[in-house]
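Okay, so here's the structure we're looking at.
No lab work stands behind these numbers, since they all come straight from the coordinates. As the structure is a computational prediction, the values presented were derived from the model and not from experiment. We place every Cβ from the backbone using ideal geometry, glycine too, and count neighbours over all the protein chains shown.
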Amino acid sequence: QGRGTRFGIEVFIQPLEDGMAAVEESGRKATELAGKRVLLCEDNEMNAEIARMLLMQKGVETDWAADGKQGLEKFAASEAGHYDAVLMDVRMPVMDGREATRAIRALARPDASVVPIIALTADAFEEDIRENRAAGMDAQVTKPVSPDQLFGILAETLAGR
């Protein structure tokens, strides 16, 4: 007592074999996103603004819906193929993200069953991921959103389109 405590930590970091390849891959993914259209369903206005600014920097056109019901309505009112992807917050008022995803998937139009829907959530337990997939979501980005994770997952889900 009265002498303090000393802590030590060791971190083992493995360097990339080709660091330049990682930078080039990141740049390629960002370029692939330019010109894409995304529907962002997010009830938190600050989170929505941050996501829209990040996406705008990569040339992504973003429409915003403040809850799942608005997101469903915007998607349903758009022409088939208008949106390249949907970023869907899981926990929202009026209609949550899972319910909105199930409703989008049930629409009688060709893009409803194939448009990538990416969950935005702080819930990252295996059960949450399973429930998101069961609702029809294709991937998940964990909050707080990392730009690299967001762009990487968005580019991966759009790669097959």
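Whole number please: convex hull volume per residue, Cα atoms of the chain, in Å³.
Here the figure is 175 Å³ per residue.
Using only the alpha-carbon atoms of segment 32-121, report the extent along each of the three principal axes, biggest first, to the nearest angstrom.
33, 28, 19
So what is the calculated 222 nm ellipticity per residue for the chain, using -39500 (n - 2.57) for each DSSP H run with n of 4 or more, over all residues, to the nearest 500 deg cm²/dmol?
Counting only the DSSP helices, I get -13500 deg cm²/dmol.
With the crude spin-label approximation of a point 7 Å out along Cα→Cβ, what separation in nm comes out for E73 versus N47?
Once both label points are built, they end up 2.1 nm from each other.
Using Stokes-Einstein with the Kirkwood hydrodynamic radius over Cα pairs, what translational diffusion coefficient do you get for segment 82-122 at 20 °C and a viscosity of 1.002 mPa s, in µm²/s rounded to a whole number?
It comes out at roughly 203 µm²/s.
Within 10 Å, count the other beta carbons around each residue, average over each peptide in 116-123, 132-139, and list them highest first.
116-123, 132-139
Could you give the dipole magnitude of the chain about its Cα centre, charging the beta-carbon of Lys and Arg +1 and that of Asp and Glu -1, in debye to the nearest 20?
100
Between R91 and L158, what length in nm is gained on full extension when 0.36 nm per residue of separation is reduced by their alpha carbon distance?
21.7 nm
Could you tell me the calculated FRET efficiency between H82 and R6, based on Cβ-Cβ distance and R0 = 45 angstrom, to the nearest 0.05?
Efficiency, rounded to the nearest 0.05: 0.15.
Angle between the Cα long axis of helix 147-159 and the longest principal axis of the chain, 0 to 90 degrees, nearest 10?
Around 40 degrees separate the two axes.
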